[in-house]
1. Taking the stretch A:1-55 on its own, how many of its residues are in contact with a Lys or Arg (Cβ under 7 Å, 6 or more places away or on another chain) and closer than 30 Å to A:T185 by Cα?
2. Go through (1) touching a residue at least 24 places away in the same chain (Cβ under 8 Å); (2) not assigned by TED's automatic domain parsing to the domain that holds A:G201 one by one and return the number of the condition A:E376 breaks.
3. Can you find, within the stretch A:324-355, the residue that is nearest to the other protein chains (Cβ to nearest Cβ) among those that are touching a residue at least 60 places away in the same chain (Cβ under 8 Å) and of a type in the set (A, V, I, L, M)?
4. Here is a list: A:V110, A:V127, A:V131, A:V115. Which entry is of a type in the set (V, I, T) and either outside the structural domain of A:V209 (by TED's automatic domain parsing) or touching an Asp or Glu at 6+ places or on another chain (Cβ under 8 Å) (or both)?
5. What single numbered condition from (1) hydrophobic (A, V, I, L, M, F, W, C); (2) more than 9 Å from chain B (Cβ to nearest Cβ); (3) touching a helix residue (DSSP H, G or I) at 6+ places or on another chain (Cβ under 7 Å) fails to hold for A:I401?
6. Show me the strands (runs of 3 or more DSSP E) found entirely inside the stretch A:21-122 where at least 2 residues are touching a residue at least 60 places away in the same chain (Cβ under 8 Å), hydrophobic (A, V, I, L, M, F, W, C) and away from chain B (no Cβ under 14 Å).
7. Just checking, does the stretch B:176-198 include any residue being in contact with a Phe, Trp or Tyr (Cβ under 6 Å, 6 or more places away or on another chain) and either among the aliphatic types (A, V, I, L, M) or within 30 Å of A:T214 (Cα to Cα) (or both)?
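The values are calculated or read from the model by the stated rules, or taken from the named source; none is laboratory data. These numbers come from a predicted model, not from an experiment. No Cβ is skipped: glycine too gets one built from the backbone with ideal geometry, and neighbour counts run over all protein chains shown.
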Number of protein chains: 2
Amino acid sequence: MEHISIVEQAKAAKKASTILANTSITQRNAALLAIADSLEANLESILNANAKDLAASKKTAMRDRLLLNEQRILDMAQAARKLTALPDILGNVDQMWQRPNGLKIGQQRVPLGLVGIIYEARPNVTVDAAVLCLKSGNACLLRGGSDALYSNLELARLMKQALQTAGLPEACVEVVADPSRETATQMMKLNTYLDVLIPRGGAGLIKTVVENSTVPVIETGSGNCHVYIDEFADLEMGLDVLWNAKTQRPSVCNACESLVVHEKVAKDFLQMLAQKNSTVELRGDERTQSIIDCTPATEEDFYTEYNDLILSIKIVDSIEEAIEHINTHSTKHSESIITKDYANSQKFLQEISSAAVYINASTRFTDGFEFGFGAEIGISTQKLHARGPMGLSALTTTKYIIYGNGQIRQ
Amino acid sequence: MEHISIVEQAKAAKKASTILANTSITQRNAALLAIADSLEANLESILNANAKDLAASKKTAMRDRLLLNEQRILDMAQAARKLTALPDILGNVDQMWQRPNGLKIGQQRVPLGLVGIIYEARPNVTVDAAVLCLKSGNACLLRGGSDALYSNLELARLMKQALQTAGLPEACVEVVADPSRETATQMMKLNTYLDVLIPRGGAGLIKTVVENSTVPVIETGSGNCHVYIDEFADLEMGLDVLWNAKTQRPSVCNACESLVVHEKVAKDFLQMLAQKNSTVELRGDERTQSIIDCTPATEEDFYTEYNDLILSIKIVDSIEEAIEHINTHSTKHSESIITKDYANSQKFLQEISSAAVYINASTRFTDGFEFGFGAEIGISTQKLHARGPMGLSALTTTKYIIYGNGQIRQ
């Protein structure tokens with residue numbers, strides 16, 4: 001099968017991005033609505049393409065991620081529709097000031113340009129990522145897992161039609177036609193065209209992209225999140241928060257993976273936990289083992305993001321030891337302290353080095369929608385550019401605009 | 001010679017960074033003053049170390065960069081002193097809001113952690129970079145050119161003493177003791193310890209770091225800057241601005257390298273330029289050659305940052321062609337339009353995709369001090385994290401702090 005090359009696709013998308021950067025929000029919202037309309041009107045062709053992918057897929061473990069059904073397609077359309085309600089951020093001048101020589105300097109929000117996304121065989125990401133990019137004025141080059149190729153190409157075809165309906169270049173959305181290992185590697189070196197590369201998927205995918213990409217990467221993802229029960233905790237609240245953080249949706253990155261508990265309340269709290277628990281496998285350190293029935297935890301356990309109904313447990317002698325333990329083992333995602341003590345709450349907030357630090361609340365709130373951003377690109381666990389839940393502004397940058405009247409430098 | 005390994009140095013600096021992140025600005029300013037005092041009190045030992053480097057250096061071209069004299073050392077001390085006058089940015093909560101469930105979410109400014117800097121044989125960078133990092137609460141791992149090793153180690157020794165005087169860990173500043181090619185490569189893979197890597201130096205160094213680093217990089221640097229003389233320009237102003245941008249300091253990145261001029265004013269403007277000029281080599285396209293005496297410009301010329309008294313010249317038929325030409329050939333650093341026309345000024349501002357876009361002013365103002373930031377880390381030509389002149393905030397990130405009272409996710 002002869003494909004259009006990824007370089008040609010990137011080139012076309014980059015060109016489209018310069019047009020898109022200068023469109024009005026009215027035009028971009030119209031494109032989002034046209035995409036929603038088109039998805040809703042073409043359920044059958046999408047389901048047919050998806051059926052081909054499902055038939056070809058040999059990995060049963062992947063089928064649920066790969067599967068599209070009416071509801072999932074309508075959800076994608078709905079997400080595109082909802083985005084139109086969010087305000088435009090492009091053109092905003094965050095601040096402007098005047099220099100003694102009369103120069104007026106402002107910082108204006110502009111799109112990144114061309115956003116690359118590498119993801120696994122989840123066709124819903126194709127639409128979700130494309131509409132977030134369009135809303136923020138970015139073209140995108142999408143490279144999904146090869147098992148979802150038919151679905152992705154059909155979704156791309158419909159989105160390109162919708163873009164044309166809205167008077168925008170169809171190359172604003174490009175789905176890589178040849179999702180081979182080679183094109184993934186090529187994409188990581190496309191510095192000429194790509195302004196950023198965002199891997200979305202498991203830890204292995206993210207690691208590969210971080211290690212091999214020369215294009216700047218926004219790392220999203222892994223969460224080995226902690227709940228710390230302080231010696232001054234309200235234990236009932238602690239149990240509610242821990243239980244919510246661990247069990248409400250154990251497969252996601254903001255779920256709690258590890259409990260740290262102060263030795264002064266360890267016996268009471270662990271017994272309350274053991275009494276409540278029948279579903280979570282508890283893996284405790286030595287002291288925990290002497291209090292409740294549990295599996296022994298290894299040092300490896302304390303570094304592990306289970307994404308499952310498993311909880312590691314560590315007993316500490318002080319808040320300092322808790323902070324040290326968490327900063328050493330966490331993935332810098334989300335951590336929470338349960339305490340009634342003012343000084344300890346502030347100490348934890350200041351000294352824990354993670355993207356989101358909570359006092360008396362579940363780590364499960366680390367999420368663009370729960371934070372009130374109205375959309376989510378992902379959750380950044382890196383420190384550059386964006387950290388924590390990313391709203392649309394994470395897909396933008398700024399440029400300095402300077403108004404002069406003939407100033408020259410002395 | 002047996003060196004402490006770069007991994008050991010990085011590990012120590014990372015540990016120091018967690019202490020530094022929780023210090024007060026009073027402590028950090030005290031360290032800056034102690035460094036300034038120490039440099040001023042130890043001119044002789046610094047000059048002796050520098051003399052060893054100069055004696056060993058075989059590259060005469062590099063001698064001026066390598067050279068320290070009393071004035072240069074006092075300038076470094078003065079830079080450290082001046083930094084103490086700038087306000088602290090750590091701990092600032094840029095914004096805070098309340099969610100319907102009562103969670104209060106704020107975004108607090110925190111240091112990046114451990115900053116790596118790779119630079120050439122300029123010992124002044126050792127102090128300049130270290131004090132910027134300290135002011136913003138970051139530890140640093142500095143890897144200067146091997147030709148400056150004696151100077152750098154002596155400066156590091158004095159800074160470490162000063163840190164101890166101020167009650168801070170001496171490992172806040174680490175100068176790589178073995179600046180070999182191997183340690184440079186190692187440093188680019190130190191993701192475990194380094195939060196960011198900033199290359200400072202020529203295009204070759206920056207390219208090597210961008211291509212090989214798995215640590216996130218902030219790219220600084222190259223500037224192929226344009227001045228566009230619009231058909232509605234004040235030609236006298238245009239000549240003043242162009243002359244300033246080209247000749248005031250031709251070796252720097254914000255100097256103008258290329259003139260773009262509208263054909264309607266090309267003859268008048270180029271003749272004015274030719275009359276004024278006796279020092280700059282002019283390289284023009286075909287139409288330019290028919291108006292003034294100049295060297296023919298190749299396509300290569302239009303992509304070149306000369307950093308010298310050379311100017312490429314292109315005549316265009318429209319502002320659209322000017323914008324297209326500039327966006328194609330520039331390094332996205334700084335560009336300026338000279339015009340009296342309102343619509344053209346706004347069009348240029350909107351459509352030029354560079355870190356700094358000027359109306360009627362010299363590109364030479366793209367500089368942290370000229371922008372009023374009080375300090376400069378460098379000028380970012382990338383889009384992620386920081387774009388354009390970087391003040392201290394470019395060395396920080398944020399973390400979300402969330403105040404709850406037992407909230408769990410439904």
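1. We begin by selecting, within the stretch A:1-55, every residue in contact with a Lys or Arg (Cβ under 7 Å, 6 or more places away or on another chain); these are A:28, A:32-33, A:36, A:54.
Right, trim to closer than 30 Å to A:T185 by Cα and you get A:54.
Number of matching residues: 1.
2. (1)
3. Filtering the stretch A:324-355 for residues that are touching a residue at least 60 places away in the same chain (Cβ under 8 Å) and of a type in the set (A, V, I, L, M), the one nearest to the other protein chains (Cβ to nearest Cβ) comes out as A:I338.
4. Working: A:V110 fails: either outside the structural domain of A:V209 (by TED's automatic domain parsing) or touching an Asp or Glu at 6+ places or on another chain (Cβ under 8 Å) (or both); A:V127 fails: either outside the structural domain of A:V209 (by TED's automatic domain parsing) or touching an Asp or Glu at 6+ places or on another chain (Cβ under 8 Å) (or both); A:V131 fails: either outside the structural domain of A:V209 (by TED's automatic domain parsing) or touching an Asp or Glu at 6+ places or on another chain (Cβ under 8 Å) (or both).
Residue meeting the stated conditions: A:V115.
5. (2)
6. Values: elements: A:93-98, A:104-111, A:114-119.
So the answer is A:114-119.
7. First, the residues of the stretch B:176-198 that are in contact with a Phe, Trp or Tyr (Cβ under 6 Å, 6 or more places away or on another chain): none.
Looking through the stretch B:176-198, none of the residues is in contact with a Phe, Trp or Tyr (Cβ under 6 Å, 6 or more places away or on another chain) and either among the aliphatic types (A, V, I, L, M) or within 30 Å of A:T214 (Cα to Cα) (or both).
Quick grid of which residues meet (1) closer than 19 Å to A:A121 by Cβ; (2) within 14 Å of another protein chain (Cβ to nearest Cβ); (3) in contact with a helix residue (DSSP H, G or I) (Cβ under 8 Å, 6 or more places away or on another chain):
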position	(1), (2), (3)
A:K160	no, no, yes
A:T165	no, no, yes
A:E174	yes, no, yes
A:A177	yes, no, yes
A:L205	yes, no, no
A:I218	no, yes, yes
A:F232	no, no, yes
A:D240	no, yes, no
A:W243	no, yes, yes
